[in-house]
1. Could you order F60, F39 by accessible surface area, starting with the largest, using a probe radius of 1.4 Å?
2. So what are the ³J(HN,Hα) numbers for region 2-8, from phi and the Karplus equation (6.51, -1.76, 1.60; θ = phi - 60°), rounded to whole Hz, Gly and Pro as x?
3. Stretched out fully, how many nm does the piece from E67 to I30 gain, at 0.36 nm a residue minus the Cα gap?
4. Could you work out the local net charge near L33, counting Lys and Arg as +1, Asp and Glu as -1, over the other residues with Cβ closer than 15 Å to its Cβ?
5. To the nearest 10 square angstrom, what accessible area does V55 show with a 1.4 Å probe?
6. What does the accessible area of L53 come to, in Å² to the nearest 10, when a probe of 1.4 Å is used?
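The values are calculated or read from the model by the stated rules, or taken from the named source; none is laboratory data. Nothing here was measured: the structure is a model prediction, and the numbers come from that model. Neighbour counts run over all protein chains shown; Cβ positions are idealised from the backbone, glycine included. These accessible areas exclude ligands, DNA and RNA; they are computed on the full protein's heavy atoms, side chains included. Shrake-Rupley method; radii C 1.70, N 1.55, O 1.52, S 1.80 Å.
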Amino acid sequence: LAALERQIFDFLGFQWAPILGNFLQIIVVILGLFGTIQFRPRYIVVYTVWTALWVTWNVFIICFYLEVGGLSKVSHLSFF
């Protein structure tokens, strides 16, 4: 439900990369559920790897926006 809501807001803002990412997330979740129910190890592995990448990406984005550690939205390069 949250992914669908985010999909709608991203579509309104013309951010196509997040829309494709959300669509891929929904497809992989469906395949993961199908793989769990039918016990298809390949689907379960794909779901596990994708979920790890998805969580890592989201943690990076959260840290980037909160400027945690050395991450910053503003460049601190100075030529003077």
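1. F39, F60
2. 5, 5, 5, 4, 5, 4, 5
3. Length difference between fully extended and current span is 10.0 nm.
4. +2
5. 80 Å²
6. L53 has an accessible surface of roughly 100 Å² with all protein chains in place.
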